[in-house]
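The values are calculated or read from the model by the stated rules, or taken from the named source; none is laboratory data. Just so you know, these numbers come straight off a predicted model, no measurement behind them. Please note: Cβ atoms are built from the backbone with ideal geometry, for glycine as well, and neighbour counts cover all protein chains shown. The protein model used for the area step is the full one, side chains on, heavy atoms only, and it has no ligands, DNA or RNA in it. Shrake-Rupley method; radii C 1.70, N 1.55, O 1.52, S 1.80 Å.
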Amino acid sequence: MILVISNIADEAATVLVDMFPAGSASLITASDLHESFKTGISIANFESSEVRVNNVNITVREISGVITTISYFLPQEFYYIEAADRQYVCAEVNAFFIYFLSGLKCKKVNPPSRKTLSGHGIHKIEWLKTVHKLDVPLWPFHLNNGMPATLDRPSAYQYLKATLIGDVLLGDRTSEKVTSYMRLIAKAFSQPYVSCSFVSPNGIDYFLVDVMSIVDISTPENREAIVNYFQNNLI
């Protein structure tokens, strides 16, 4: 069973689930969590714990993959909880799912961090330190009250965005340099999915502008690549 963790507003999540063989993938959202996901996890015997996913009982070890398209659940998604309790319930559910997803021994796109359900979940300053050690050229940036500020983009420069899913590179046509940089970044963060923006002032040298780790399933190309990534791991 592959779990697709998303929100009810993302129609692409339903499309993605339907691309897998019937019954091999299920959509999990906070908006129907009280019906779609029920479990009692044993810390001492995690993998043998039973999970009920969309009326199907499986053990944790039978979960063969996870695709997470959100950083965290939002309080307003828990409409079936008393309004005064939604903030607390949401925080508890997010904490549980970070623990639960971290404990799964299966393919994950992307694995959770200590702060988020998917991706590295760290400030730009932090991931820049990691990328700098990889000798990936970085484009200058400014911070405004701790947040990255938008800089002017000279129209004569070349801008591109590319996404790496497993070993498949998607997006704008890239050079071998960009491909190499992205593989280094994916390996450094232990993420099978990474999306990067680059700028080139001369068409030869490429400088990293941004790294995105939250899975984007909005395009058919990304969805197909994700399905292919899991194709040998279906239950």
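If I model a spin label as a point 7 Å beyond the Cα along the Cα-Cβ vector, how far apart are those points for ASP135 and ILE41 in nm?
4.0
Taking 8 Å as the Cα distance limit and 6 or more residues as the minimum spacing, I'd like the relative contact order of the chain as a percentage. Mind showing how you got there, number by number?
Values: 380 pairs, mean separation 44.6, N = 235.
That works out to 19 percent.
If I ignore ligands, DNA and RNA and count only protein heavy atoms, how much of HIS120 is accessible to a 1.4 Å probe, in Å² to the nearest 10?
30
Which one is right for this structure if Cα Rg over 2.2 N^0.38 Å is calculated from it: (i) 1.10; (ii) 0.93; (iii) 1.37?
(i)
For the stretch 35-80, just the Cα atoms, rotate onto the principal axes and tell me the three extents in Å, largest first.
That gives 33, 21, 21 Å along the principal axes, largest extent first.
Determine the alpha carbon to alpha carbon distance for each of LYS108/LYS133; LYS124/LYS161; LYS133/LYS177; LYS129/LYS187; LYS108/LYS187; LYS107/LYS187 and list only those over 19 Å.
Table pairs above 19 Å Cα-Cα are LYS108/LYS133.
Relative contact order for the stretch 1-122: what percent, with Cα pairs under 8 Å and sequence separation of 6 or more?
About 23 percent, as a whole number.
Run lengths n ≥ 4 of DSSP H only: what is the helix-derived mean residue ellipticity at 222 nm for the chain, with -39500 (n - 2.57) per run over all residues, to the nearest 500? Working shown, then result.
Working: 6 runs with 65 residues, N = 235.
Taking each H run of at least 4 residues, the total per residue is -8500 deg cm²/dmol.
If packing is taken as the average count of other Cβ atoms within 10 Å, what order do 73-80, 182-189, 105-112 fall into, highest mean first?
Sorting 73-80, 182-189, 105-112 by mean packing, highest first, produces 105-112, 182-189, 73-80.
Can you give me the convex hull volume of the Cα atoms of the stretch 1-98, divided per residue and expressed in Å³?
96
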